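Please read the structure below before turning to the comments.
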Amino acid sequence: MGVWLLVGRASASREAQLQVASMKLALSSLQSAPFNADPGAGGSARTARAVIQADEAVLSRGLTTRSQAGVPVELLTAGRASMSAIEPVVEVIYRTALGKGGLAGAGAQVAPLQGRLVTSSAALTSVLDRIGLQDAARAAHARKETKLGAAAVMLLLLLAFAFFYVRSVAARETVEGLVEEKQALLGESRAEARTDALTDLANRRALGSDLARATAAPGGPQEFLLVMFDLDGFKQYNDTFGHAAGDALLRRLGGRLSDAAGQVGAAYRMGGDEFCLLARCSPDIAERLLDDAIGALQAGGDGWEISCSHGAVWIPSEAATETQALALADERMYANKASRSSASRQVTDALLQVITEQNARLDEHVERVSELAGAVAQALGEPEHEVWRVRLAGRLHDVGKTAIPAAILDKPGPLDEREWEFMHRHPLIGERIVMAAPALASTAELIRSSHERIDGKGYPDGLAGQDIPMGSRIIAVCDAFDAMTSERPYRGPVDVAGALAELRSHAGTQFDADVVEAFCGLSSLHGGADGEPHARTAGVRSLSP
């Protein structure tokens, strides 16, 4: 019986060691799990939450179990304190990953959180190491007692000892196998956290790490070149051929960009249709590398064409930090996109000339709506490229009316049901017209939804609330204001004060209340020393749809 008890103690010590090993693996997994929740980095919030809950359960259960196994109280107290410090940090990182822009958008907030997580985890690891040392000591002591006891018993007890010895060896091999398996899985998990699932390129998180190393690297004859790319024409391709075809195209272009980077650089997918290239090279090599990268991101076929805008920055001569490098590359990319917009301007001018030939008042109207829409977008804090898109869509929002008979557009009285049916088609016609020109395709959704209402009673799709693009909500307010303050065949213009009052009365039903507030605050609508609003003339149809 004594030998059986000794063997049991040895087995228990082995299981205790296995439990400590499992707790260490759970702690290691817990340190990376909240970072894997970032959707922009290819993560999954649901999977990350499940891993976090499972790892925290293993650690909590393990500490509770060890309290019943003779572990000193002070060790368990230190372990629980460390666990209490880890859990809120993990939760904050998880929520940050799910926030707007993800971990990359949080910027400098992530590093302190990661530092706190590492510090707290190190404290708990120390506790587990001490517990593991005690388990190892007890295991060694139990083995020694077992061997001494076995030497004093008869053959039957010796055979029994041999049986349990084999069992303990198998348990150790199992522990070692589990450790190796979990380490391999952890390595795979870390690799997946840095890899874009669609293209197999490095992702935004990997770029952040590589940029941090690049900005911290000592200077030398060769600098780091960061290039940011944004595909032009991809949305039209995706909408025309479907998401499956769009994904296949992104994979193909990503592979070509990786090939172009070759041995001197690395390619990244930032998300959506944005890619990056980071390379350490000399200026002469950089010029050839950039040409190859731009060529890699070009494709075309029957009725479609993909190209790219780009912005490049040298590190560290032009940007000393990761944040500065990304911001400057992004700024230059959109400047490049704007410089490439001459084609869109030419097409826009051609379409507006068609409008002018049909109805000069309509041409004047869309110009005013464009300027007002751009001003409102700026007042609402929209980024510069979105202001540009809203202004362009404002100029083109009535291009579909070129297909509406002049007798309907200029009718000096209310339209009948059949005539309204014609009028309700013009956003769809306008969408089809601009979709035929890749340089204008980005305005298509704004034109289609420019006559939707916040309460869902607009046309052509009956969208409501936030489902209506912000640019379309802005254009709707500006369009209605200019229509009310314009001379029409069937009525005179409303003064500015009356038009603003009408907009406010429909805020929250027909119009977005925030857009109305921003519009009414435009200084261009008010003037004169006495603060009286200016009157305006010219225009389109009235406030009602």
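The values are calculated or read from the model by the stated rules, or taken from the named source; none is laboratory data. The structure displayed is predicted, hence computed values, not measured ones. Every residue, glycine as well, gets a Cβ built from its backbone with ideal geometry; the counts of neighbours run over all protein chains shown. For accessibility, only protein heavy atoms count, side chains too; no ligands or nucleic acids. Shrake-Rupley method; radii C 1.70, N 1.55, O 1.52, S 1.80 Å.
Per-residue SASA remark: Val73, around 110 Å² accessible (1.4 Å probe; ligands, DNA and RNA not included). Our coupling estimate for region 384-399, obtained by passing each phi through the Karplus curve with A = 6.51, B = -1.76, C = 1.60 and θ = phi - 60°, is 4, 5, 6, 4, 4, 5, 5, 4, 5, 5, x, 5, 9, 5, 9, 4 Hz, Gly and Pro reported as x. The modelled label-to-label distance between Ala162 and Ser126, using points 7 Å beyond Cα along the C-beta direction, is 4.8 nm. In straight-distance terms, cross-link reach from Lys401 covers every one of the lysines whose alpha-carbon lies under 25 Å from its own, apart from those fewer than eight places away in the same chain; here that gives Lys235, Lys411, Lys457. Sparsely packed loop sites in region 446-498 (the trypsin sites (Lys or Arg not before Pro) outside DSSP H, G, I, E and B with at most 13 other Cβ atoms within 10 Å) comprise Lys457. Close amide H partners of Phe224, meaning residues 5 or more places away or on another chain with modelled amide H under 5 Å apart, are Ile315. In summary, region 194-281 shows an alpha-carbon radius of gyration equal to 1.18 times the 2.2 N^0.38 Å reference for compact globular proteins. The stretch between Ala108 and Thr240 holds 43.6 nm of extra length on full extension. This uses 0.36 nm per residue minus the Cα-Cα distance.
Using 1/(1 + (r/R0)^6) with R0 = 56 angstrom and r between the beta carbons of Ala197 and Ser523, what's the FRET efficiency to the nearest 0.05? The value I calculate is 0.70.
Residues whose amide H comes within less than 5 Å of that of Asp232, counting only those at least five positions distant or on another chain, are Ser307, Cys308, Ser309 (H built at 1.01 Å from N in the peptide plane).
Full extension of the chain segment joining Asp416 with Val92 gains 110.8 nm, where the gain is 0.36 nm per residue of separation less the Cα-Cα distance. A Förster radius of 30 Å combined with the Cβ-Cβ distance from Glu367 to Arg504 puts the calculated FRET efficiency at roughly 0.75.
Between Ala136 and Glu287, the simple spin-label model (points 7 angstrom out along Cα→Cβ) gives 6.1 nm.
Seen from Val369, the other residues with C-beta closer than 9 Å to its C-beta sum to a net charge of -3, counting Lys and Arg as +1 and Asp and Glu as -1. A Förster radius of 41 Å combined with the Cβ-Cβ distance from Ser209 to Glu180 puts the calculated FRET efficiency at roughly 0.95.
Relative to the current alpha-carbon distance between Arg61 and Ala217, full extension at 0.36 nm per residue lengthens the span by 51.8 nm.
Compactness of region 21-113 is given as radius of gyration and Dmax, 14.9, 48 Å, from Cα positions.
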